[in-house]
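Everything on this sheet refers to the single structure shown next.
The values are calculated or read from the model by the stated rules, or taken from the named source; none is laboratory data. Please read all numbers here as calculations on a predicted model, not as lab measurements. Because the Cβ atoms are built from the backbone with ideal geometry, glycine has one as well, and the counts that use them run over all protein chains shown. For the accessible areas, the whole protein counts, side chains as well, though only heavy atoms, and no ligand, DNA or RNA atoms are used. Shrake-Rupley method; radii C 1.70, N 1.55, O 1.52, S 1.80 Å.
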Amino acid sequence: MGRTDEQLAFMRAAGLLVAGALATVADAVADGMTTGALDSLAESYIRDNGGVPSFPGVPGYRHTLCTSVNEEIVHGIPGSRVLRDGDLLSVDCGAIVSGWHGDAAISVFVGGDDAARPEDLRLSRVTEESLWAGIAAMRVGGRLYAVGEAIEESIVAAGKADGRDYGIVEDYVGHAIGQEMHLDPQIPNYAVRGKGPILASGFTGALEPMVTLGDARNRVLDDGWTVVTLDGSRAAHWEHTVVVRDAGLCVLTAVDGGAARLAELGAPFAPVTG
Ligand code: MG
Ligand code: MG
């Protein structure tokens, strides 16, 4: 059940709102700001541009963003936490346009890359590169679980080059996306046994590797949401919403549709106009 061009145009519009909200947050983040202030900026950006934040559609959640700091992997709740230079901040955002969803996440550093610990900067790069490796592994007629294999392969290769044993989080996965944010099938961000379903033209999925500097084992805090590493090591999270079609790939939550990165990776790009 691939998406039609009309449906994809709505998903592209939603994806561009998510990209714009995340860019707004990345530009604004600074020492002394709260995660709650960033959440307000993202909500205003999405609403001012004709969309609706999607995370309040998740039962029990009312914010536009998840903001996960340092040892927090994912699902951190925006609020009164004050950010400091060098903090590793993962920001996850979703938006809806005409009933269709976009979902993406970035990891950024408070005070910019210059304020980051070198190992944190590398962690974020390794995570983002693994996401693109997973995206480039998508093709019509291919298998869904090739995505997780490519992501894991990328992280393991980076770990060998860096002399590090990066942790790959397996407790939270990517997902198909459309008129709801979380649809089946799940998309493991790591290698699994089996091949998974065959990718049909028009399939839309959200890929979202989470990688840690230490052990990937984790737990949920008493707030019921925030996922942290057990060993306190820092984590990065990158996510994009992607459509795979016969003509090629489009990264719906990337401003350029993924054209530049896909070209570097030798993967075919086929734009969707929103
Ligand atoms: Mg997300
Ligand atoms: Mg997601």
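Projecting each Cα onto the charge dipole of the chain (Lys/Arg +1, Asp/Glu -1 at the beta carbon, about the Cα centre), which of Val110, Ile96, Ile77 comes out farthest on the positive side?
The residue sitting most towards the positive pole is Ile96.
Taking just the alpha-carbon atoms of the chain, what radius of gyration and Dmax come out, in angstrom?
Using the Cα atoms of the chain, the pair Rg, Dmax is 17.2, 49 Å.
Just the accessible area for Leu17, please: 1.4 Å probe, Å², rounded to the nearest 10?
Leu17 exposes around 20 Å² with every protein chain in place.
Heavy atoms of the protein only, probe of 1.4 Å, neighbouring chains included. What is the accessible area of Leu131 in Å², nearest 10?
0 Å²
Charges only on Cβ, +1 for Lys and Arg, -1 for Asp and Glu: so what's the dipole of the chain about the Cα centre, in debye to the nearest 20? Before the final figure, lay out the partial values.
Details: 20 positive and 37 negative charges, 127 e Å.
Charge dipole, the chain, about its Cα centre: 620 debye, nearest 20.
Taking a cut-off of 23 Å, what percent of all Cα-Cα pairs in region 1-89 are separated by more than that? Mind dumping the intermediate values first?
Values: 1121 of 3916 pairs.
In whole percent, the long-distance tail amounts to 29.
How large is the accessible surface of Arg245 in square angstrom, using a 1.4 angstrom probe and rounding to the nearest 10?
50 Å²
At most 14 other Cβ atoms within 10 Å and a DSSP loop assignment: could you name the trypsin sites (Lys or Arg not before Pro) in region 162-196 that fit? Write out the running numbers ahead of the final one.
Numbers: sites: Arg164, Arg193, Lys195; in loops: Arg164, Arg193, Lys195.
Here the sparse-neighbourhood loop sites are Arg193, Lys195.
Using just the helices of the chain, give the 222 nm mean residue ellipticity in deg cm²/dmol: DSSP H runs with n ≥ 4 each add -39,500 (n - 2.57), and the total is spread over all residues, rounded to 500. Display every interim value, and only then the final one.
On the way: 5 runs with 81 residues, N = 274.
Calculated mean residue ellipticity at 222 nm is -10000 deg cm²/dmol.
Given a 10 angstrom Cα cut-off, can you work out which residue in Gly15, Gly94, Gly141 is the most mobile in a GNM of the chain?
So, out of Gly15, Gly94, Gly141, the one fluctuating most is Gly141.
Note down the relative contact order for the chain as a percent, whole number, built from C-alpha pairs under 8 angstrom at least six residues apart. Working shown, then result.
Numbers: 709 pairs, mean separation 60.6, N = 274.
It rounds to 22 percent for the chain.
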